[in-house]
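A.B. asks: Shown below is the structure under consideration.
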Amino acid sequence: MVAITAEEKKIKRVACLYRVSTKGQVDNNDIPLQKNACREFIAKQPNWVLVREYYEKGVSGYKLSADDRDVLQQVREDALKGLFDVLLVFMFDRLGRRDDETPFIVEWFVNHGIEVWSTQEGQQRFDDHIDKLLNYLRFWQSAGESYKTSIRVNNRHRQMVKEGLFRGGYNPYGYKLVPTGVINKNGREVKKLVIDEEQAEVIRLIYDLVLTKGYGIARIAHYLNEQNIPSPTGKPWRAGVISYILRNPIYKGYMCYGKRKSARDGRTYQPMEEWILSDQPLPELVIIPEDKWEAVRKIRESRDINKKIKENEEAEMPLSTKSPLLLTGFIRCKHCGSAVTTSYLHRKRVKKDGTLYYKIFGKYKCTGKVNSKTSCDGQTLYDQKKVEDSFNKALKLFIDSLQQVDFEAEIIRRKRELDKGNLQKLNDLQKQNEKNYQELTALSNEVSKSILGQSPFKPELLAKLIEQKEKEIQEINQKIEELIKIVNEAQDKINNLKALQQTIPVWWEVYENATIEEKKMMLTHILDKVYIGRDGLEIRFKVHIEQLIRSVGMQNYQTGRT
C-alpha cells in the first residue's frame, strides 16, 4: 500500500485564469473551451478545489503589458492575500506572450508560494537553472508565434484593402451593413457596406462647411449641435469626431487600413502617407467626390502648417472665416509687414429723445502698432467699409480683366506644347527602357549558361554588364518619374484653365450674393496678399492667375487712399 503524505492530503484552493485576445474568440466559445478543460483537470486531482475564476476578454497577451492588464493585477493582489494556492491556466501563454515579461510573472507567483499549472504542459517549477531556462524559452517561442500571427493577419488585411474588400467590424458613419446571402467558413453571413443616404447628407454638409465657408472642426460641431442633427453616438457632436470624418478616405470610396499602428506601448496614429488604400475607389461607396475630398484635405493641412510657421513673416497667414471682416487672414501692414487683424469701435450715446444709440464698427488693426518691438509709422486702425469698398472695386476690375483672356486659345496652345514636348519624351524613354529590360533578361539568362561553361561570356563580365544595365534602367525610371510629374502638373494647369473658362463669367455674380464665409473661401483661390497703408491698398493675386492675365498687363493692383 502506497503511503499518502501530509502534503498530498492538504486541500489546495485553485484559481483559474481564462484569456482571449479578441472579441471574436469570445463569440467562438474559446473561453468555455478553456473553462471546461481546466475543470476537467481539477476533477482529476483528488485534493484540488476550484475557488476562483478570472476572465480576460479581448486582451492581447503580446501587445499589452502586465501592468495594464487589470484582471492579471487582481490575480496578483488575491495571491498576496493568500486567497488561493494554485493558479491554473489552459496553456501558459494565457498568462501572456511577452518574452521580456511573462516568464518573470510566472516566477513571481512561484516565489510567492503559488503553484502555476497548465492543463496541457503540467506544472512550471523553478528547482534549478534548467527550469528557469525552459520557462524563458517557452514564452520566447510564444512571443515568436504571436509576432508571426500578427504579420499574417496584417498582410491579409492589407491584401483585402488593396482589393477593395470590407474587412468587417463596425460600419463607418454614413454607411450601413446589409446581408449579402454569402456564408463564410465560420458559418456567418457576410455583410457589405452601402451608403446610408440620411447620414450621407450630413457627411456632405460637413465637407461643404469646410470647403465653402471655411469652418474648422469646432465650429462644425457647434453648428451641427445647433441644428439638432444626431451624431453617430447620439451624444453631442465633438471636434474629434468631425476631424475623423474629414480625414477618412472611405468617403471618397477608398477602403483604408493602417490609420493607427498597434505597439506594445499603445496605439498611435500614422501619417496619412503611410495608410494603405484600395487600388481603385469603389463607386458605390463614394459620398464625397475625390477632388472635393482632396480640396478639403489641402485646406486643413494648410492651416496646420501655418500654425507651425506663423512666426515666419514670409509665411502665408492661416485663413480664418470667423471674423466678420472680409480681409482678415489676407491683409498685412505696408509699413511694418505685421498682420492686420480684426478690431471693433464701440459708439454709445443718448439721443435727444432719451433713447440709447449703440453701434459697433469693424476696424482693421495693425498688430505692429501695439507691439513694442515693432516700429511702424502707419495707421493703427483702418475703417472696415472704406477698406472693403476699395478692395471690391479693384477685385471687380480684376475679374472683368480675366474675361478678356482668350482661354480657348491658351488651352489649345498648352495642349500642343504638352503633346509635342514632354509626352513625346516620355514615350521615347518608356520605349528605351522596354528595350533595356529585354536586354537585362537576356543577360540574366546567360548567367546560368556561363556557370555551366555553355556561354562565351565569363560570369564576371556578365555581372558587370548586368550592373550597368540595372543602373541605366534606374536612371531612366527616375527621368520617367520626373517627367510624369511635369506632365501631370501641366495637365492640372490645363484643367484649371478649363475650370476658369467656365467659372469667370459667373464668378462676380456668385461672389456678390455669397455670405462673408463663402466670399473668403472664394478669395483663397485667387488672392495672395493684401497690403494696407496710409496711401491705400496693394492687392497681390496668386502667381498662376497673374500669368493668365499677362496679355492685359496686370500683375497687382494699387488703389488710392483708404
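We did not get these values from a lab; they are worked out from the coordinates using the rules stated. It should be emphasised that the depicted structure is a prediction, and the values quoted were computed from it without experimental measurement. Note: ideal-geometry Cβ built from the backbone for every residue, glycine included; neighbour counts use all protein chains shown.
A.B. asks: Any idea how far apart R52 and L33 come out in nm if each label point goes 7 Å out from Cα toward Cβ?
C.D. replies: Computed distance between label sites R52 and L33 equals 2.7 nm.
A.B. asks: Would you mind getting me the FRET efficiency between D208 and Q73? Use the beta-carbon distance for r and R0 = 30 Å, nearest 0.05.
C.D. replies: For D208 and Q73, the calculated efficiency is 0.05.
A.B. asks: Report the label-to-label distance for N495 and A463 in nanometres (one decimal), using points 7 Å from each Cα along the Cα→Cβ vector.
C.D. replies: 4.8
A.B. asks: Same structure, new question: If r is the Cβ-Cβ distance from D419 to D383 and R0 is 51 Å, what FRET efficiency results, to the nearest 0.05?
C.D. replies: The value I calculate is 0.45.
A.B. asks: Going by Cα centres, the stretch 453-490 and the stretch 332-350 are how many Å apart?
C.D. replies: 62
A.B. asks: Binned at 10 Å from 0, what are the whole-percent values of the Cα-Cα distance distribution for the stretch 365-450, short to long?
C.D. replies: Bin by bin from 0 Å, the calculated values are 13, 14, 14, 13, 14, 13, 10, 7, 2.
A.B. asks: Can you list residues whose amide H is under 5 Å from H525's amide H, if they're 5+ apart or on another chain and H is modeled 1.01 Å from N?
C.D. replies: none
A.B. asks: Which of the listed residues, L497, P459, N422, is farthest toward the dipole's positive end in the stretch 407-512, when Lys, Arg count +1 and Asp, Glu count -1 at the beta-carbon?
C.D. replies: It is P459, whose Cα lies furthest towards the positive end.
A.B. asks: Sticking with the crude label model, points 7 Å out along Cα→Cβ, report the distance from K44 to L282 in nm, one decimal please.
C.D. replies: Placing both labels 7 Å beyond Cα along the Cβ direction yields 4.8 nm.
A.B. asks: Moving on. Mind computing the radius of gyration and Dmax over the alpha-carbon atoms of the stretch 407-512? Å is fine for both.
C.D. replies: 23.7, 83
A.B. asks: Compute the FRET efficiency between H112 and R297 as 1/(1 + (r/R0)^6), taking r as their Cβ-Cβ distance and R0 = 41 Å, and round to the nearest 0.05.
C.D. replies: Efficiency at R0 = 41 Å is approximately 0.15.
A.B. asks: Would you mind checking K373/K520; K292/K415; K365/K386; K393/K498 for any pair whose Cα atoms are more than 21 angstrom apart?
C.D. replies: Check vs 21 Å cut-off fails for K373/K520; K292/K415; K393/K498.
A.B. asks: Starting from 0.36 nm per residue, how many nanometres of slack lie between I484 and T233 once their C-alpha separation is accounted for?
C.D. replies: Taking 0.36 nm per residue and subtracting the Cα distance, the gain is 85.9 nm.
A.B. asks: Which whole-Hz couplings ³J(HN,Hα) result when phi for each residue of the stretch 107-119 is put into the Karplus expression 6.51 cos²θ - 1.76 cosθ + 1.60, θ = phi - 60°, listed in order with x for Gly and Pro?
C.D. replies: My calculation for the stretch 107-119 gives 4, 4, 4, 4, 5, 9, x, 9, 6, 10, 10, 10, 5 Hz in order.
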